[in-house]
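Everything on this sheet refers to the single structure shown next.
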Amino acid sequence: VDVNGTTTLCSLKGLMKKETSQMKNLLAVGDLVYLSSNGAIEQIGKRRSILSRMDISGKKQQLIAVNVDQVIITISVVAPPLKPALVDRYLIAAEKGNIQPILAITKIDLLSNAPHEEKKRYEEFLTAYEMLGFPILSLSIPSNTGLGALASLMQNKTSVFSGQSGVGKSSLLNACFDLKQKVGDLASKTEKGTHTTTSAQLLVLPGGGYCVDTPGIRSFAIWDLTKEDVVAHFHDFSPYKEECKY
């Protein structure tokens, strides 16, 4: 817990540990908490936004970050390849959680030597998702493409980076803000990232603002999703929802 600029190790009050709910974790990075005189967390403040997913058991909600303004949905081209379906799930989770989404596409420098199919997938993705009105940034760390725009969008905001392992979340933070977050390489056989960031942490950004750097995910399932949610959150489908029996 950050107490007036000093990080303090705190415990959960005994009664809170016994709380039974559909939450996998009672606390998340970004929570505002109330401490007792002996340093125990005795109450959690009201949350204005939540980014969460269904835990691996399928029975509980796993909090990723709370009280953030925007989620930077980080995806890459080529390695790992672009996954639009994952973006769709993040967009629904962001809207359900009252968070502004920003799409960050990394490693676009790899497209110059990529197969035609990968370039076409990237172009089709831009065409489809730009129509939705969300900010979309195409980024490359080696060529310094888009990094200034990303840093500007994060200034004086509380952001959370989320996405697959290996897409370059920590590398972007290092490049944009001269931080020293640990980064790793892709596994050579699977072209998937390894879990270099092992726990979510709140970082203070130079010039104002905060960012939560989260561990990479292998899967992202939406918590408490209904059929009505699917219709409501796919806004490009709205004109057809009354006439489509599906």
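Odds and ends about this structure:
- Exactly one residue among I99, I105, I92, I136 is in contact with a His (Cβ under 9 Å, 6 or more places away or on another chain) and under 28 Å from L63 (Cα atoms), and that residue is I92.
- Residue-level analysis places L51 outside the set of residues that are of a type outside the set (D, E, K, R), under 23 Å from L203 (Cα atoms) and assigned to a helix (DSSP H, G or I).
- Long-range neighbours under 7 Å by Cβ, at least six apart or interchain, first residue within 14 Å of K83 (Cβ to Cβ) within the stretch 114-128, second exposed (fewer than 14 other Cβ atoms within 10 Å of the Cβ): F125/P84
- Yes/no for T226 being surrounded by 18 or more Cβ atoms within 10 Å (Cβ to Cβ), of a type in the set (V, I, T) and within 23 Å of M23 (Cβ to Cβ): no
- Selection status of G148, open to solvent by less than 60 Å² (accessible area, probe 1.4 Å) and part of a helix (DSSP H, G or I): yes
- Unmet requirement for S57, which otherwise passes all of (1) assigned to a loop (DSSP other than H, G, I, E, B); (2) surrounded by 17 or more Cβ atoms within 10 Å (Cβ to Cβ): (2)
- Test: residue in the stretch 68-79 that is touching a Phe, Trp or Tyr at 6+ places or on another chain (Cβ under 8 Å) and over 30 Å from L27 (Cα atoms): yes
- Residue match in the stretch 10-21 (condition: open to solvent by 50 Å² or more (accessible area, probe 1.4 Å), modelled with pLDDT under 95, over 21 Å from A221 (Cα atoms) and part of a strand (DSSP E or B)): yes
- Considering the conditions (1) in a loop (DSSP other than H, G, I, E, B); (2) in contact with a Ser or Thr (Cβ under 6 Å, 6 or more places away or on another chain), I105 is excluded by exactly one of them, (1).
- Filtering I92, I75 for residues that are assigned to a strand (DSSP E or B) and in contact (Cβ under 8 Å) with a residue 60 or more places away in the chain leaves a single hit, I75.
- Residue that is open to solvent by less than 90 Å² (accessible area, probe 1.4 Å) and closer than 30 Å to L139 by Cα, where the choices are V33, V68: V68
- A114 meets the stated requirement of being more than 18 Å from the chain's Cα centre (by Cα) and among the hydrophobic types (A, V, I, L, M, F, W, C).
- Candidates in the stretch 183-219 are the residues that are open to solvent by 40 Å² or more (accessible area, probe 1.4 Å) and of a type in the set (G, A, S); of these, the one that is modelled with the highest pLDDT is G207.
- Out of G133, G166, sole residue that is over 26 Å from L225 (Cα atoms), modelled with pLDDT under 95 and open to solvent by 20 Å² or more (accessible area, probe 1.4 Å): G166
The values are calculated or read from the model by the stated rules, or taken from the named source; none is laboratory data. Keep in mind that this is a model prediction, so the values were computed, not measured. Every residue, glycine among them, receives a Cβ derived from its backbone with ideal geometry; neighbour counts consider all protein chains shown. What goes into the accessible areas is simple: the full protein's heavy atoms, side chains included, and nothing from ligands, DNA or RNA. Shrake-Rupley method; radii C 1.70, N 1.55, O 1.52, S 1.80 Å.
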